[in-house]
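Since the structure comes first, as structure tokens, the remarks are kept for the end.
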Amino acid sequence: MSPRVRSNTAASALISALTSIAARWALGLGLIVLWQILAMRAGSIFFPPPTQIAKRAVELWLSGPPSRLFLGDGVFQDILPSLFRLLAGFSLAIACGITLGTLIGRSRRISDYLDPSLQFLRAIPGPALVPVFILLLGTESTMRITLIAFGSVWPVLLNTIEGTRTVEPVQLDTAAAFKLPRRALLWRIILPAAMPKIFAGMRISLALAVILMVVSELIASTNGIGYRIQNAQIMFLLTDMWCGIVLLAFMGYILNRVFLKIEDNALSWHRGARGRSAA
Amino acid sequence: MSDAPEATIARAGFHPWKALAGSRTARRRAASAFRIAFGLAAFFLVLEFITSIGLVPAIYLPRASTIVARMVELMVDPKFLKQVLATLEAWAVGLALATLISVPIGVLIGTSELAYKMSSPVIEFMRPIPSVALIPLAILLWGQGFTMKIILVAYATTWPILLNTVYGVHDVDPIAVETARCFGLKQRTILWRISLPSAAPLIFTGIRISASIGLIVVIGSELLASADSGIGSYILFVSLNGGHMDSVLAGAAIAGIVGVLINSLFGMIDRRAFAWRYFGAAAQ
């Protein structure tokens with residue numbers, strides 16, 4: 001990690017690894033400790049100390065019977081429904097985004113004609129459409145999944161259009177010279193070439209999907225993390241509210257990590273093939 | 001590098017209107033203007049067709065022409081324009097606040113290896129918290145007015161600006177910095193004369209991404225927190241009072257148009273201010 005490591009002994013390697021880890025987490029831990037001290041001093045109900053939040057989080061989510069792996073009722077009432085809707089909406093967005101994006105992106109003319117309309121649709125704030133979605137689709141999961149999909153489809157759609165449109169001409173010419181069938185052209189040349197951009201779009205879509213998941217749960221909802229946070233606010237259970245916020249932070253962190261791992265595996269050939277010039 | 005989708009987009013040149021901007025001759029410009037007009041007209045006709053065949057009752061989903069007529073009415077209605085101004089005001093103040101906070105912090109994180117390492121777990125945990133999830137807390141702390149809105153906007157728009165600043169400052173050509181050092185330039189001069197100018201395009205891209213996000217967050221928070229003013233609270237008001245879907249959709253569409261205008265404005269500033277970047281990219 002650090003160029004300062006002079007000797008190759010295991011001990012010094014271990015020490016440098018430990019210092020590196022310590023440096024990485026020092027600020028985060030420091031901030032939590034600071035929050036703890038300030039919160040305990042101020043005694044404000046709006047900012048409960050982290051220990052109190054952690055205790056309450058364990059009560060809510062990790063106090064179930066051993067037969068359920070200690071998962072509390074909150075996990076089944078709030079976290080799982082939220083996660084299910086998030087993943088369903090996000091998958092729908094990816095499926096629609098990549099399919100439509102490839103169709104549109106393959107034709108320069110079609111993408112030119114559609115671009116203004118797509119830019120306009122993308123700019124419409126998702127929350128502003130909640131009243132319409134509720135009227136059309138009710139207040140069940142269908143409405144929430146549709147809202148998540150509608151709101152998060154644009155980055156992946158636009159990036160797929162851009163990616164499939166800007167395949168290197170040399171690659172296309174080579175494929176044409178070898179008389180590659182259309183299907184193979186799509187699967188072996190166009191989609192792989194567009195993959196890095198598609199993934200960049202998918203990451204933004206994922207972040208949007210999490211936002212819309214919460215939005216969809218703040219209105220006319222009966223379960224989910226967003227509902228829990230809002231309900232806690234109405235009942236003035238501020239520690240519960242903070243638990244929900246912290247849970248979302250963890251969820252976002254884990255989702256991001258998992259996504260990075262998938263992207264890394266899917267695009268490892270790309271980095272290898274392009275080498276430093278692409279990095 | 002894979003840690004910043006914003007940076008990837010900036011690098012990949014995410015400019016869907018490039019066809020328009022890049023056209024050199026007047027003929028090509030006219031052709032793309034025609035395509036935009038034709039595309040939008042076709043989009044409208046398709047919507048009109050779908051909404052007029054009666055798949056869903058018109059009270060739920062009014063005809064596209066009804067919505068457009070309502071949009072025209074709203075756009076000359078001073079009461080509605082006041083709401084638009086309230087939204088734009090909160091958006092601008094929040095975005096400015098985020099820029100003033102994130103650029104200095106981003107420069108610090110981007111120039112110091114230690115600060116970079118220490119701050120990354122904090123950023124990775126705080127960034128994914130959706131600003132809408134903070135609405136309940138923000139209502140308790142700051143009520144349902146202007147302050148609540150600008151704080152939520154600032155929170156949401158901080159991240160793209162911060163990350164783009166970090167990557168921009170971090171990726172400054174080391175040879176340029178070394179050269180400056182050889183000539184005896186002070187650390188501060190290097191920052192002002194080399195690091196910041198070379199990071200500026202990426203920072204601006206971050207601000208542009210944030211501008212779009214910010215607008216969505218203002219309108220979202222107005223609607224979800226039933227704020228006292230703004231496009232979002234207008235939409236909430238008309239949907240609760242009689243469920244006037246034409247007004248709801250007209251308000252949402254106007255919000256979309258404002259979003260497109262803001263994005264084009266920032267795109268134009270980007271091309272004017274950083275023309276050298278596109279020139280360099282074209283020359284490569």
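The values are calculated or read from the model by the stated rules, or taken from the named source; none is laboratory data. Please read these numbers as outputs of a predicted model, since none were measured by experiment. We place every Cβ from the backbone using ideal geometry, glycine too, and count neighbours over all the protein chains shown. Just the protein is used for accessible areas: all its heavy atoms, side chains included, with ligands, DNA and RNA removed. Shrake-Rupley method; radii C 1.70, N 1.55, O 1.52, S 1.80 Å.
Remarks
- For the range A:176-222, applying the loop criterion from DSSP together with a ceiling of 12 other beta carbons within 10 Å to the chymotrypsin sites (Phe, Trp or Tyr not before Pro) yields A:Phe178.
- Dipole magnitude of chain A about its Cα centre (Cβ charges: Lys, Arg +1; Asp, Glu -1), debye to nearest 20: 980
- Calculated P(r) tail over 29 Å for chain A, as whole % of Cα pairs: 52
- Of the trypsin sites (Lys or Arg not before Pro) found in the range A:142-229, those that fall in a DSSP loop while having at most 12 other beta-carbon atoms within 10 Å are A:Lys179.
- Paired Rg and Dmax values of the protein assembly as shown, which use every Cα atom, in angstrom: 24.8, 78
- Residue-normalised convex hull volume from the C-alpha trace of the range B:109-228: 110 Å³ per residue.
- Only Lys, Arg (+1) and Asp, Glu (-1) charged, at Cβ; the range B:171-212 dipole about Cα centre in debye: 220
- Per-selection metrics, the range A:153-279 (Cα): Rg and Dmax in Å: 20.8, 69
- Cα-Cα over 29 Å, subset of B:Lys79/B:Lys149; A:Lys197/B:Lys117; A:Lys261/B:Lys117; A:Lys179/A:Lys261: A:Lys179/A:Lys261
- With all protein chains kept in place, the per residue accessible area of chain A amounts to 53 square angstrom at a probe of 1.4 angstrom.
- Each eigenvalue of the Cα gyration tensor of the range A:1-131, multiplied by 5 and square-rooted, gives one semi-axis; in descending order these are 43, 30, 20 Å.
- The tail of the calculated P(r) for the range A:223-270 beyond 12 Å holds 66 percent of all Cα-Cα pairs.
- The range B:136-230: trypsin sites (Lys or Arg not before Pro) in DSSP coil with no more than 14 other Cβ atoms inside 10 Å: B:Lys186
- FRET efficiency, 1/(1 + (r/R0)^6) with R0 22 Å, evaluated for B:Ile257 and A:Ile234 via beta carbons: 0.05
- Cα lying deepest toward the dipole's positive end in chain A, options A:Leu135, A:Met40, A:Leu191, charges on Cβ: A:Leu191
- A dipole drawn for chain B from +1 and -1 charges on Cβ atoms has a positive end, and of B:Met268, B:Ile254, B:Ser112 the residue lying farthest that way is B:Met268.
- Angle in degrees between helix B:231-240 and the longest Cα principal axis of chain B, rounded to the nearest 10: 30
- More than 36 angstrom apart: percent of Cα pairs within chain B: 29
- Helices meeting the span-like rule in chain A (full DSSP H runs, Cα extent of at least 27 Å along the helix axis, mean Kyte-Doolittle score of -1.0 or higher): A:10-42, A:80-105, A:141-165, A:191-218, A:238-274.
- Summing both sides, the accessible surface hidden between B and A at a 1.4 Å probe radius is close to 5500 Å².
- Efficiency of FRET from Cβ geometry, A:Ala176 and A:Trp35, R₀ 51 Å, rounded to 0.05: 0.25
- Summed side-chain charge close to A:Ile148 - residues other than A:Ile148 whose Cβ falls under 13 Å, Lys, Arg +1, Asp, Glu -1: +1
- The alpha carbons of the range A:63-192 occupy a box of 65, 38, 17 Å along the principal axes, longest dimension given first.
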